[in-house]
Structure formats: structure tokens, C-alpha cells
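Working notes, structure below.
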Amino acid sequence: MKIFSARVENGETNLTLRPIFPFTAIVGQEEMKFSLILNVIDPKIGGVMIMGDRGTGKSTAVRALVDLLPEISVVADDPFNSDPQDPECMSDIVREKIQNNETLIIKKKKISMVDLPLGATEDRVCGTIDLEKALTEGIKAFEPGLLAQANRGILYVDEVNLLDDHLVDVLLDAAASGWNTVEREGISLSHPARFILIGSGNPEEGELRPQLLDRFGLHAQIGTVQNANLRVQIVDQRSAFDQSPLLFREKYLPQQNQLADLLQAARELLPKVQIDSKLRIQISQVCAQLNIDGLRGDIVTNRAAKAFAAFEARTKVTPKDIIRVGPLCLRHRLRKDPLETIDSGQKVRDAFETVFT
């Protein structure tokens, strides 16, 4: 897969205008990178919440992910990135064209990443209906929002813990259902909104409510690198990139292409990956032992383990896969004292090792 620099801002893709720091050049922060990779392989994992100190590369890593995303087939001139092969990912516009036996123009495009500004309104996020046109002309005139642009792509929310709770609810509902519905004065319109929701934030500025945190598939914790040699390496990498971004990117092109090919192969292999019923029972045993509310923890752990197996080109999930992804899937779902921070993952890891060994 050929890599090029692409970024989507307000739905528009700019090529090579703002070179992106290569994903494979990021030093350390393995947990964050691993979580992002799993979500690219299986978007149904439910996104990832990245919490960490300021200046630890959260935004850099998410934006670097754009280079690794594969191309998808979309219907040209459709604002919702409709999938021409999947009726569940088609907008009403495309459905009507198919019903009228119209020929669909199909094109390839890179999976896009859309940034959600902190001060965005609900109309900007969900889209708006032109009531005047609807009432006078009987036409459902819809102005697509960020959820439409993010369909079949990535929606990134920096400082998600500072976002209005109501907007977070809207985002999580759309991410969970795969659809966005806009209702105004008795007029309703829906469109597909299947995206990977990635949030990042600084725990010093407050945690998300447990009900909202539970809706994120994975939770990655990152901290400031303390090893002096690694810190120097990170500074050198950033200085080299700032001095000559294109030359720096060219240096990492082979690694970028190799990782992009691995991700594409893993996405194709994923439907063939199997997890034994015994392992599924053991996953649920761990969730019950940890008093995890609901079944999201069970579901996400199964999905993440299969995505990890696919990434390593295997069609069978092993206990080691489950132990590796377990803390990412469950640590933010543990019941805790309101004054405590989220568990580092050791409690979850111990529970998995007890059950699986």
C-alpha cells in the first residue's frame, strides 16, 4: 500500500500541504499505538480513550494514524461516504438511486480523519435540516455535519473530558448504533455514521463520567517518558522532522508501507479468526470476577483479542492474546471509589492470569 500525506479538516483532504509525523517514528507509548492499531483492524471494537500527561504525543499519534488507513470504495458525490456494496452503510440518496436503477459512480478514497473542535455546536456535529425549504418545497434539505464526514472513517476529539456531556452522549450514541438521526419540528432524517471514535485528554483536567467512559472500547494510559536516552531520542526525532518534514517522512516510508500492508492483511484475515468457546467462557469469568457492569467488557475483549491475532497473521486466538488486550478493555470499567484514578491495569492483568493459567 502506497503511503502519502493526507489530512482531513472540515471534510476537505489536503495532500502534502501539512506533512504528518510518521506513525512508525513515534518513540515509546506502545500501549497507545497498540490500541489505535487494534481499532483500525476492527472498527467495531468501539474506539479508544487516550488519557495522559500534556506533551506525550497523543494528538501526534492519532494524526499519524491517517497515513496507515486503507483506501475504501465510496459513491461519488455522496456526502456520507456511502459503501456501494453494503446496504447498511448507504445513505437514503444512494438507496433511491439504486431503486431508480441509476448508475452509481464509484471511486476510491483514503479513510478520512475528522477533528471535532472543542467548541462545536450540536448542529455542527449532527447536521441541520433546512426547515424553510422542507415546509415550502417539501424537500428534506439536509446540511451534513461532522458525523456525516466521519462515516467509515475516524472522528477525533481532543480534550474529550472538557467536551459538553450532551455532545459526548450524541457522539457515543452514533458510534454505538452506526446511525445519526436529526429531528427538527417533526421532520426526521437519518444517515449512516460508522466511525472510530478516538478521544484524548489530560486526567488533571477531569475524568469522564463512568457511564460515558464505559462506551469507549479501549482505554490507553500514557505518561511522560522518564528514560533520559529515550527523551533525547524523541527530541532529536521531532527536531529532524521540523527541520525537513518531507525528507524525514521519506526516511520512514519503507516502515510505513510495511505497517500499512500488515494492517490491510489483518483486516482481510479478521473474519476468519476464531476464538474457542472455552476462552470466551474464561473471558466472561474474568469480567464477572471483576464485577464489570454490563456485557460491553466481554464483547470488546473478544473483538480485541481476535484483532490482535489477525495482526499477527493467526486465525486462532490464544490465552496470551487475551491477557495482552485485557487491561485495555476492562481497566476503565472497574467499579472504583470516586476519589481514585483509573487502575493501571495490574488488577485486570492479575485476574486474567489467574483464570487463564
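The values are calculated or read from the model by the stated rules, or taken from the named source; none is laboratory data. For clarity, every value in this text was computed on a predicted model and none was experimentally measured. In this analysis, Cβ positions are derived from the backbone assuming ideal geometry, glycine residues included, and neighbour counts consider all displayed protein chains.
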- Message: Just the residues that are surrounded by 13 or more Cβ atoms within 10 Å (Cβ to Cβ) and either closer than 30 Å to A61 by Cα or in contact with a Lys or Arg (Cβ under 6 Å, 6 or more places away or on another chain) (or both), please, taken from the stretch 71-103.
- Response: E71, I72, S73, V74, V75, D78, P79, F80, N81, S82, D83, C89
- Item | Residue pairs meeting the criteria (Cβ under 7 Å; at least 6 apart or on separate chains; first assigned by TED's automatic domain parsing to the domain that holds A176 and on the phi > 0 side of the Ramachandran plot, in the stretch 206-235; second at pLDDT 75 or above and not acidic (D, E)) | G206/N161
- Query: Restricting the stretch 101-136 to residues that are part of a helix (DSSP H, G or I) and either of a type in the set (D, E) or within 25 Å of I196 (Cβ to Cβ) (or both), which is modelled with the lowest pLDDT?
  - Reply: E132
- Query: In this structure, does R324 turn out to be at pLDDT below 90 and either in contact with an Asp or Glu (Cβ under 9 Å, 6 or more places away or on another chain) or not assigned by TED's automatic domain parsing to the domain that holds L208 (or both)?
  - Reply: no
- Message: Quick check on the stretch 221-247: of everything there that is more than 21 Å from G52 (Cα to Cα) and under 26 Å from the mean Cα position of the chain (by Cα), which residue is surrounded by the fewest Cβ atoms within 10 Å (Cβ to Cβ)?
- Response: P245
